[in-house]
Amino acid sequence: MREIKIGMLGFGTVGTGVIKILFQNQTSIEEKLGARIVIKKIADIDMERDRGINIPRETLTTDCMEVIDDPEIDIVVELIGGYEPARTYIIESISRGKNVVTANKALLATKGLEIFNLAYKKGVDIGFEGSVGGGIPIIRAVKEGLVANNILSIYGIINGTANYILSKMAHEGGKFKDVLRKAQEKGYAEADPTLDVEGIDSAHKLAILVSLCFGTKISLEDIYTEGISQISPLDIKFAKEFGYSIKLLAIAKMEGNSISARVHPTMLPQNHPLSAVDGVFNAIAIHGDAVGPTIFYGRGAGMMPTGSAVLSDIIDISRNIINKSQQRVPPLGYQWNRIKDMKIKPIEELEVRYYLRFSVIDRPGVLSKISGILGDNNISIASVIQKGRQIEGAVPVVMITHEAKERNIRRALELINNLPVVLEKTILIRIEDRNL
């Protein structure tokens, strides 16, 4: 039986998952592929840790270049993560004519075009299914399953840590900081959770999805990014009263000749399928002009789900090698000379409905002052809730606006927040309930 030899850079959680699945399902994989996938070399700085897998000692090395320089290795699997030395090792592998598989969303979001361009020139394949959505096969679905469609919109819950925290706050109560601490104790959140809770990880993944779905170049700086650390139990309670749930969403839409791309806490109608996505699970809703709405759901991270995605790329590229059909599907789904520059719509031009929560002094005339400033900035109010005092002398006033320009909202809030009767910075949450 023909052998496809792979070399792996990084033998951490995901790498361990890849090997476990390969060993566990070796027979069925060979039956599907018609060849045997062989682990030729694994490079990692830690050769002593027990990973629960029996790997021959001669397979292991601490030198990544020993893997890259091995002429027998057909596919290099990069699972180091981060920017460097991962980028250098991928570039070196491609330069030597080797196919590459990676799950490195941060690197692809920032240096992806450089890497894809080199792969195109060298005539090799690069797989990155594990970079978005963990075990959800979203990359292949966009490139092949939805290839006949013009993609109109993407709505994604693509960070399990943030979704876990918001789900716990919604179902069990508790402040953000307290729920985050519990998530860290359970291993669902990193010691430094910034990338997850501030939306940066979601922005990395959205950048990849935007390039795939719309065939365009995008910079991470073009994606407006806002996290969940300011969301309080009070906001979740008010959202429920209005018929919404709060999720950290990655959103991208075609709007004429431009694209809107943003990550932020979002109010969704409680009857929308994404509102039901709880815990560490991910879900991505993609709307195509022909197929209509589709939703992909599953575990967005972890040893086995991400290992499954990485191994699927290895198998897919192995099929191409066997059939001498490398670059059968371009890395981003579009022919390389058709990747274009499109305008990314700035957040100031966004036009949606808004949830606004003001903390104000309990005094007559306050509501009229706030309403007057909103009206002066072309913002009309759809609903208002005013509750009793939460702290001595202060009351929350909550408004849902009709559709308004973000630019106008920001200008109005700057004036409102400077009023002597306003005690804290206004909480703003965008609402998505039109054309979902």
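Distance distribution note for the range 150-256: the fraction of Cα pairs above 25 angstrom is 27%. Couplings 3J(HN,Hα) for the range 23-33, derived from phi with the Karplus relation 6.51 cos²θ - 1.76 cosθ + 1.60 (θ = phi - 60°), are 5, 5, 10, 4, 4, 5, 5, 5, 5, 7, 8 Hz, where x marks Gly and Pro.
Diagonalising the gyration tensor over the Cα atoms of the range 224-314 and scaling each eigenvalue by 5 before taking the square root yields semi-axes of 25, 20, 14 Å, largest first.
Computed with a 1.4 Å probe over protein heavy atoms only, the accessible area of Arg411 comes to about 100 Å². In this view, the solvent-accessible surface of Arg2, computed with a 1.4 Å probe and all protein chains in place, comes to about 110 Å².
Dividing the convex hull volume of the alpha-carbon atoms in the range 264-383 by its residue count gives 207 Å³ per residue. Taking all protein chains together, Glu406, Glu351 sort by accessible area into Glu351, Glu406, largest first [probe 1.4 Å].
Look at the Cα gyration tensor of the range 334-436: its axes a ≥ b ≥ c give a/c of at least 1.5 with a/b over b/c, and that counts as prolate.
Taking each DSSP H run with n ≥ 4 as -39500 (n - 2.57) and averaging over every residue of the chain yields -10500 deg cm²/dmol at 222 nm.
Using the structure shown, select from Lys168/Lys247; Lys237/Lys369; Lys20/Lys40; Lys168/Lys425 the pairs with a Cα to Cα distance greater than 21 angstrom.
In this structure, Lys237/Lys369; Lys168/Lys425 lie more than 21 Å apart at Cα.
For Glu30, the solvent-accessible surface with a 1.4 Å probe is about 30 Å², rounded to the nearest 10.
By the gyration tensor of its Cα atoms, with a ≥ b ≥ c the square roots of the eigenvalues, what is the shape of the range 1-77: rounded for a/c under 1.5, prolate for a/b over b/c, or oblate? Oblate is the answer for the range 1-77, as a/c is 1.5 or above yet b/c matches or exceeds a/b. Starting from a Cα-only point model with no solvent, please compute log10 I(q)/I(0) by Debye for the chain at q = 0.07, 0.12 1/Å. Reported log10 I(q)/I(0), two decimals: -0.39, -0.99. Highest mean packing comes first when the peptides 33-42, 157-166 are listed by Cβ atoms within 10 Å, giving 157-166, 33-42. Across Leu60, Leu367, Leu332, mean-square fluctuation computed from a Gaussian network of the chain (C-alpha pairs under 10 Å connected) peaks at Leu367. For the chain, the solvent-accessible area works out to 43 Å² per residue, with a probe of 1.4 Å and every protein chain left in place.
The phi torsions of the range 135-152, fed into the Karplus equation with coefficients 6.51, -1.76 and 1.60 and a -60° offset, translate into couplings of x, 6, x, 6, 4, 5, 4, 5, 6, 10, x, 10, 4, 7, 9, 8, 6, 9 Hz, rounded to whole numbers, with Gly and Pro shown as x. Within the accessible surface of the range 343-436, defined with a 1.4 Å probe on protein heavy atoms only, the carbon and sulfur portion equals 46 percent. The Cα atoms of the range 234-277 define a convex hull whose projected area, averaged across directions, is 3.6 nm².
The 3J(HN,Hα) values that the Karplus relation (6.51, -1.76, 1.60; θ = phi - 60°) gives for the range 270-286 are, in residue order, 4, 8, 7, x, 5, 5, 8, 7, 10, x, 7, 6, 10, 8, 10, 9, 10 Hz. Gly and Pro appear as x.
The values are calculated or read from the model by the stated rules, or taken from the named source; none is laboratory data. Please read all numbers here as calculations on a predicted model, not as lab measurements. FYI the Cβ positions are ideal-geometry reconstructions off the backbone, even for glycines, and counts take in every protein chain you see. The protein model used for the area step is the full one, side chains on, heavy atoms only, and it has no ligands, DNA or RNA in it. Shrake-Rupley method; radii C 1.70, N 1.55, O 1.52, S 1.80 Å.
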